[in-house]
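Visitor: The structure follows.
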Amino acid sequence: AAAVFSPRIDRGLAEAAERMMAEGEARQRTQQREREQQDGARLDALKTRLAELDADRAFDEALLAIREAGKAIETESLREQASAMEPRYERLAALKTFLVDRINEQPPRGAVPGLGEAIDGADAKGVTLPEDGGMVPWAELSTRTWLALFDAYLERSDASDQEAAGLLLGCAVFCDLEGGPKSARAYSDQAIERDPGIEAEVGRLLSSLAP
């Protein structure tokens, strides 16, 4: 025969089930708060690391750091904040890669503006000087030198309008990072002139320049 429980026992079982449910929900909230705190710390650490890599102009490393943080951060809103940084660094990394490749293909003739010396090669760390003159880290090249190299190589490039626009946008982001809003706007305007379809991305990556 089926067991028959008294109303008092039924109430006790129901109350026990409610307590267990409440305790489970409380544990979930605690775990969520702890996860959000951990993810917040990861995001803060990422921002600190990016500031260091920006100073070194190690944009490829910065891009990797963002992607790794995106995998580690579980809280959706914080993961989205990390992921939102990625497009800027994709453009910055592409800009630097363009310069490295072009310098190695055809080193600039004569002294480079802002550097006062010739260079005959480049890699992710910096540019090399001729006759074992050593290396100058990218971080030690002035903004003027970066832009002079970029302008010279883009002018001689056979890049399509779409490719050139992407590089110009990267240069605009670089100027924005370096604290040059006028230059950033000038390069972003050139990017849109070469490829009007890039205007929406310009607005996203250079929102600080919006009127």
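The values are calculated or read from the model by the stated rules, or taken from the named source; none is laboratory data. Predicted model only: the values in this text are computed from it and were never measured. In this analysis, Cβ positions are derived from the backbone assuming ideal geometry, glycine residues included, and neighbour counts consider all displayed protein chains. Only protein heavy atoms, including side chains, enter the accessible area calculation; ligands, DNA and RNA are left aside. Shrake-Rupley method; radii C 1.70, N 1.55, O 1.52, S 1.80 Å.
Condition check ((1) open to solvent by 60 Å² or more (accessible area, probe 1.4 Å); (2) within 23 Å of Leu177 (Cα to Cα); (3) touching an Asp or Glu at 6+ places or on another chain (Cβ under 6 Å)) across all residues:
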position	(1), (2), (3)
Lys96	no, yes, no
Pro108	no, no, no
Ile119	no, no, no
Glu131	yes, no, no
Leu141	no, yes, no
Ser157	no, no, no
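Visitor: Here's a follow-up. Filter region 83-92 down to the residues that are open to solvent by less than 40 Å² (accessible area, probe 1.4 Å) and in contact (Cβ under 8 Å) with a residue 60 or more places away in the chain and list them by number.
Guide: Once the filter is applied, which keeps residues that are open to solvent by less than 40 Å² (accessible area, probe 1.4 Å) and in contact (Cβ under 8 Å) with a residue 60 or more places away in the chain, region 83-92 yields only Leu92.
Table: residues versus (1) surrounded by fewer than 11 Cβ atoms within 10 Å (Cβ to Cβ); (2) modelled with pLDDT of 90 or more.
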residue: Ala14; (1), (2): yes, no
residue: Ala17; (1), (2): yes, no
residue: Met21; (1), (2): yes, no
residue: Arg27; (1), (2): yes, no
residue: Glu36; (1), (2): no, no
residue: Gly40; (1), (2): no, yes
residue: Leu43; (1), (2): no, yes
residue: Arg49; (1), (2): no, yes
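Visitor: Would you please name the residue that is nearest to Ala139 (Cα to Cα), looking only at residues in region 71-102 that are in contact with a helix residue (DSSP H, G or I) (Cβ under 7 Å, 6 or more places away or on another chain) and among the β-branched types (Val, Ile, Thr)?
Guide: Top of the filtered list is Ile73.
Visitor: Sticking with this one: Which members of region 156-211 meet the condition of being part of a loop (DSSP other than H, G, I, E, B) and closer than 22 Å to Asp60 by Cα? Full working, then the answer.
Guide: Just the residues of region 156-211 that are part of a loop (DSSP other than H, G, I, E, B), to begin with: 157-160, 178-180, 195, 206, 210-211.
Those that are part of a loop (DSSP other than H, G, I, E, B) and closer than 22 Å to Asp60 by Cα: Ala159, Glu178, Gly179, Gly180, Leu206.
Visitor: Which condition does Arg67 not pass, out of (1) open to solvent by 90 Å² or more (accessible area, probe 1.4 Å); (2) within 23 Å of Thr143 (Cβ to Cβ), if it passes all the others?
Guide: Condition not satisfied by Arg67: (2).
Visitor: Within region 73-80, does at least one residue satisfy the condition of being of a type outside the set (D, E, K, R), at pLDDT below 95, more than 8 Å from the chain's Cα centre (by Cα) and surrounded by 20 or more Cβ atoms within 10 Å (Cβ to Cβ)?
Guide: Initially, region 73-80 is screened for residues of a type outside the set (D, E, K, R), giving 73, 75, 77-78.
Filter again for at pLDDT below 95, leaving 73, 75, 77-78.
Next, only the ones that are more than 8 Å from the chain's Cα centre (by Cα) stay: 73, 75, 77-78.
Narrowing further to those that are surrounded by 20 or more Cβ atoms within 10 Å (Cβ to Cβ): 73, 78.
Scanning region 73-80 turns up at least one residue that is of a type outside the set (D, E, K, R), at pLDDT below 95, more than 8 Å from the chain's Cα centre (by Cα) and surrounded by 20 or more Cβ atoms within 10 Å (Cβ to Cβ).
Visitor: Would you check if there is a residue in region 110-117 being in a helix (DSSP H, G or I) and not small (Gly, Ala, Ser)?
Guide: Applying the first criterion (in a helix (DSSP H, G or I)) to region 110-117 yields none.
Within region 110-117 (the criterion being in a helix (DSSP H, G or I) and not small (Gly, Ala, Ser)), the answer is no, since none of the residues qualifies.
Visitor: Kindly indicate which of Ile103, Ile119 is more than 25 Å from Ile66 (Cα to Cα) and in contact (Cβ under 8 Å) with a residue 24 or more places away in the chain. Walk me through how you get there before you give the answer.
Guide: Values: Ile119 fails: in contact (Cβ under 8 Å) with a residue 24 or more places away in the chain.
Checking each option against the conditions leaves just Ile103.
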